Amino acid sequence: MYPGAGPIDGMALGNDGMLYIGEAAGNLDRLDPETGQVVDLGQPVPGETRIPALSLGKNGKIYGIAGFLEKCHLFCYDPQQEKFTILGHIHDEKTGIPLFIGHDITLINEHRAFVGETDTANRAGYLWECQF
């Protein structure tokens, strides 16, 4: 990303006891804290870098933001099925303004989340409500 920044961008603990790690390169990894084994689960949004925010849903799925610089997508990873679902590009439907960089996600339920935005250059960062 930039000098001094590491490859880990975000983390969440799953219901299965595994740590899910979002990489700056855009991949999601699963770390077994008992054995130290790391499994690369893949890129939720092919071609996009960064996974800066992850959160565990009450349904056991991992929700996150993949992307950077206005190309941010909400995604879901189902550990049971080992499957990614892209829930959509995060943008305001009225103005067309896209999420610049998402740095935090809080799930309300499996159809609604709040995302904190950061590092915007030309406006104050927004608090985004995402419904999916």
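Every number here is computed from the coordinates shown, using simple stated rules; none is lab data. What you see is a predicted model, and the numbers here were worked out from it, not measured in a lab. All Cβ positions, even for glycine, are placed from backbone atoms using ideal geometry, and neighbour counts span all protein chains on display.
The table that follows gives values for the structure above.
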item	result
Total residues in segment 108-117, condition in a loop (DSSP other than H, G, I, E, B) and surrounded by fewer than 12 Cβ atoms within 10 Å (Cβ to Cβ)	1
Enumerated strands (runs of 3 or more DSSP E) restricted to segment 9-54, each holding at least 3 residues that are closer than 15 Å to E82 by Cβ	28-31, 38-42
Residue in segment 35-54 that is among the charged types (D, E, K, R) and within 21 Å of N109 (Cβ to Cβ) present	no
Hits in segment 62-100 - residues which are within 19 Å of E23 (Cβ to Cβ), surrounded by fewer than 21 Cβ atoms within 10 Å (Cβ to Cβ) and in contact with a Pro (Cβ under 7 Å, 6 or more places away or on another chain)	F84, I86
Close pairs (9 angstrom Cβ cut-off, 6 or more residues apart or separate chains): touching a residue at least 40 places away in the same chain (Cβ under 8 Å) and under 22 Å from L13 (Cβ atoms) in segment 103-132, among the polar types (S, T, N, Q) and not in a strand (DSSP E or B) anywhere	H103/T118; D104/T118; N109/N59; E110/N59
Within segment 75-107, tally of residues that are in a strand (DSSP E or B) and on the phi < 0 side of the Ramachandran plot	18
